[in-house]
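Scroll down for the structure; my scribbles are underneath it.
The values are calculated or read from the model by the stated rules, or taken from the named source; none is laboratory data. Given the structure is predicted, the values throughout are model-derived calculations rather than measurements. Please note: Cβ atoms are built from the backbone with ideal geometry, for glycine as well, and neighbour counts cover all protein chains shown. Please note that ligands, DNA and RNA were not included when accessible areas were found on the heavy atoms of the full protein model with its side chains. Shrake-Rupley method; radii C 1.70, N 1.55, O 1.52, S 1.80 Å.
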Amino acid sequence: MTKRASSTKIRRECFEKHKRTDPLTGRIMLSCHICGLAIDPAREKWEAEHVLRRVLKPSDAPEDVLPAHPDCHAPKTALDNSETAKG
């Protein structure tokens, strides 16, 4: 079994892979993969969220971890945990 990367490393890799520059403001932005709205990482909280539950795909690769608003991420995580518990 390999050692899991730190959450800081996962978050940094997620940011680097998915950042974009807003053409109007020139600011670095992210897009919430759940709701599709923009995230300004300098002004808003955001989380690096696994697209598939780690029990289904235990990968921390940047293409498997996408940015999400905390309010979007929480219900998805609750649903994922419920589905995992059901088996």
Study note, to complete from the structure: Checked pairs for the range 66-87, first under 17 Å from Glu47 (Cα atoms), second assigned to a helix (DSSP H, G or I) and open to solvent by less than 30 Å² (accessible area, probe 1.4 Å), C-beta under 9 Å and 6 or more apart or across chains, list as Leu66/Cys14; Pro67/Cys14
Revision key, fill the gap. Selection over the range 60-87 where residues are closer than 17 Å to Leu30 by Cβ and in a helix (DSSP H, G or I) yields a count of 8
**Study point:** All positions within the range 22-37 that are in contact with a Lys or Arg (Cβ under 9 Å, 6 or more places away or on another chain) and among the hydrophobic types (A, V, I, L, M, F, W, C)
**Key:** Ile28, Met29, Leu30, Ile34
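Against the definition (open to solvent by less than 30 Å² (accessible area, probe 1.4 Å) and in contact with a strand residue (DSSP E or B) (Cβ under 8 Å, 6 or more places away or on another chain)), how does Asp22 come out, yes or no?
Values: open to solvent by less than 30 Å² (accessible area, probe 1.4 Å): no; in contact with a strand residue (DSSP E or B) (Cβ under 8 Å, 6 or more places away or on another chain): yes.
No: the conditions fail for Asp22.
Being out of contact with any Lys or Arg (no Cβ under 6 Å at 6 or more places or on another chain), open to solvent by 50 Å² or more (accessible area, probe 1.4 Å) and either assigned to a helix (DSSP H, G or I) or of a type in the set (A, V, I, L, M) (or both) narrows it down to one of Lys57, Lys9, so name that one. Break it down stepwise before answering.
Numbers: Lys57 fails: either assigned to a helix (DSSP H, G or I) or of a type in the set (A, V, I, L, M) (or both).
Only one candidate qualifies: Lys9.
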Revision key, fill the gap. Restricted to the range 15-56 and to residues being of a type in the set (Asp, Glu) and at pLDDT below 95, the residue farthest from Ala78 (Cα to Cα) is Asp22
